[in-house]
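In what follows, a single structure is set out as structure tokens and then discussed.
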Protein chains: 2
Amino acid sequence: METKEIKVMKKILNINDSIADELRISLKEKGILYINLMSSPGSGKTTLLEKTAEKFGKNIFVIEGDIQTTLDAERVAKAGIRSFQINTGPFGGDCHLESGWIKSAIEEIDLSGIEILFVENIGNLVCPAEFDVGAHINAVVLSVTEGEDKPLKYPLAFRNSQLCIISKTDLLPYLDINIEKIKENIKNVNPQMDIIELSAKTGEGFENWVKFLNYNLKK
Amino acid sequence: METKEIKVMKKILNINDSIADELRISLKEKGILYINLMSSPGSGKTTLLEKTAEKFGKNIFVIEGDIQTTLDAERVAKAGIRSFQINTGPFGGDCHLESGWIKSAIEEIDLSGIEILFVENIGNLVCPAEFDVGAHINAVVLSVTEGEDKPLKYPLAFRNSQLCIISKTDLLPYLDINIEKIKENIKNVNPQMDIIELSAKTGEGFENWVKFLNYNLKK
């Protein structure tokens, strides 16, 4: 029985990867930068997107992935961002997004005038990293409140990402956390990782994120 | 192909549930209270356990679940707690614990003199809630830094738990978070949920957790 399961899983993963490649190429051809945001629940992905609309402009689109509720889509809508909500299921639905769901969403979206497409993946530091959604950049968001050891404990998300955004830096004075230790642990898992430290609340460090987006848009 | 996958999954889940029932009964017979702690990464489960040893006593045992590293086992060892580390795999291993792994761990552990067995599940607010590990009490730990909406967005973990520990309350003065709103959202998902608010750092509210443990030990 176990063999059968593995075979099916492999087949599903292969389909996922080929759709992911297709998305990566077609969005590149359209001149749209495609960024997949992954993190634990509550690390500040939605707040980052709200602030990005304010500081960067409104020509961004967000595909929101959640198990349940449209709360994040409602939040980004208030910030003037167009979005599409994917719900993976009302009762303990899937713990990650797959490329096929993104493809189906994109087929229903008018992307004209859009410069950056964000996917806000399901809040989960484990499973989303196992599924390529075809993004040009995978970015992991890590809140300083989560502790110094998370890159070591959840290495795949850090290994499969090109950027780590260390968020909520405004809370550092109230925590027993050394941000240099967080960065050292990230680099131990992925020496090539770009790292941006910021607080979407106070705006501290946010210019580096805007610079990163502009640089990658021109690439 | 899909039907086959579902059949295999159902078979695996049935085995998981029957081992879970077995564990629940055998630990009850031994007079050991068995608590499964679930949460997002970095919500403070390990700190809660360290402080529990200090305030409650040393007759507790922790089975640590992590994808990788023995960091949590090392931390609780320093607090004088005996522990057993389960690693689910070095490269993006399983995102949850299953009852069979707990059973195998228990077969290797000397539980004589132990009053409470804790499982510190993998940091993931989605998948662990889908797998019964046979605990007498499922407890979800939610840090105030994670935001007010998490019970609504990750309902299964809250629906399948009997206790919610709202942690890191010492950070409330520095957040735009209303703890009453968190509690309201918990009760919306699970009206029967017991809720304990505490800060393992300052000790605030910790007496309610110790009281909860003593009450359930006598039951």
Next on the checklist: Where the second residue is assigned to a strand (DSSP E or B) and hydroxyl-bearing (Ser, Thr, Tyr) and the first is within 17 Å of residue A:145 (Cα to Cα) and lies in the range B:163-189, which pairs have Cβ atoms under 7 Å and are six or more apart or on separate chains?
Outcome noted: B:167/B:143; B:168/B:143
Checklist entry - For the range A:112-138, what are the residues that are buried (at least 20 other Cβ atoms within 10 Å of the Cβ) and of a type outside the set (A, V, I, L, M, F, W, C)? => result A:120, A:121, A:123, A:124, A:128, A:132, A:134, A:138
Checklist entry - Regarding residue A:104, is this residue more than 16 Å from the chain's Cα centre (by Cα) and more than 13 Å from chain B (Cβ to nearest Cβ)? => result yes
Checklist entry - If a residue has to be away from every other protein chain (no Cβ under 14 Å) and touching a Gly at 6+ places or on another chain (Cβ under 8 Å) to count, how many in the range B:188-219 make the cut? => result 3
Checklist entry - Say we look at the range A:107-127 and pick out the residues that are away from chain B (no Cβ under 14 Å) and without any contact (Cβ under 8 Å) to a residue 40 or more places away in the chain; which of these is nearest to residue A:23 (Cα to Cα)? => result A:107
Item to check | Long-range neighbours under 8 Å by Cβ, at least six apart or interchain, first residue under 14 Å from residue A:49 (Cα atoms) within the range A:196-210, second among the polar types (S, T, N, Q) and not in a helix (DSSP H, G or I) | outcome: A:198/A:167; A:199/A:167; A:200/A:167; A:206/A:199
Checklist outcome for this item: Taking the range B:53-75 and the residues there that are away from every other protein chain (no Cβ under 14 Å) and crowded, with 17+ Cβ neighbours inside 10 Å, the one that is nearest to residue B:85 (Cα to Cα) would be B:63
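Rundown of residues vs (1) touching a strand residue (DSSP E or B) at 6+ places or on another chain (Cβ under 8 Å); (2) part of a helix (DSSP H, G or I); (3) under 24 Å from residue A:207 (Cα atoms); (4) at pLDDT below 95, yes/no style:
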residue: A:42; (1), (2), (3), (4): yes, no, yes, no
residue: A:53; (1), (2), (3), (4): yes, yes, yes, yes
residue: A:69; (1), (2), (3), (4): yes, no, no, yes
residue: A:73; (1), (2), (3), (4): yes, yes, no, yes
residue: A:90; (1), (2), (3), (4): no, no, no, yes
residue: A:93; (1), (2), (3), (4): yes, no, no, yes
residue: A:119; (1), (2), (3), (4): yes, no, yes, no
residue: A:132; (1), (2), (3), (4): no, no, no, no
Next on the checklist: Can you pull out every residue in the range A:16-43 that is charged (D, E, K, R) and either touching a residue at least 60 places away in the same chain (Cβ under 8 Å) or within 14 Å of another protein chain (Cβ to nearest Cβ) (or both)?
Outcome noted: A:17, A:21, A:22, A:24, A:28, A:30
Checklist entry - How many of the residues making up the range A:128-165 are facing another protein chain (nearest Cβ under 9 Å) and among the aromatic types (Phe, Trp, Tyr)? => result 1
Checklist entry - Would you say residue B:94 is acidic (Asp, Glu), under 16 Å from residue B:49 (Cβ atoms) and at the interface with another protein chain (Cβ under 9 Å from one of its Cβ atoms)? => result no
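The values are calculated or read from the model by the stated rules, or taken from the named source; none is laboratory data. Computed from a prediction, not measured in an experiment: that's the story for all the values here. With ideal geometry, Cβ positions are generated from the backbone for all residues, glycine too; neighbour counts draw on all protein chains shown.
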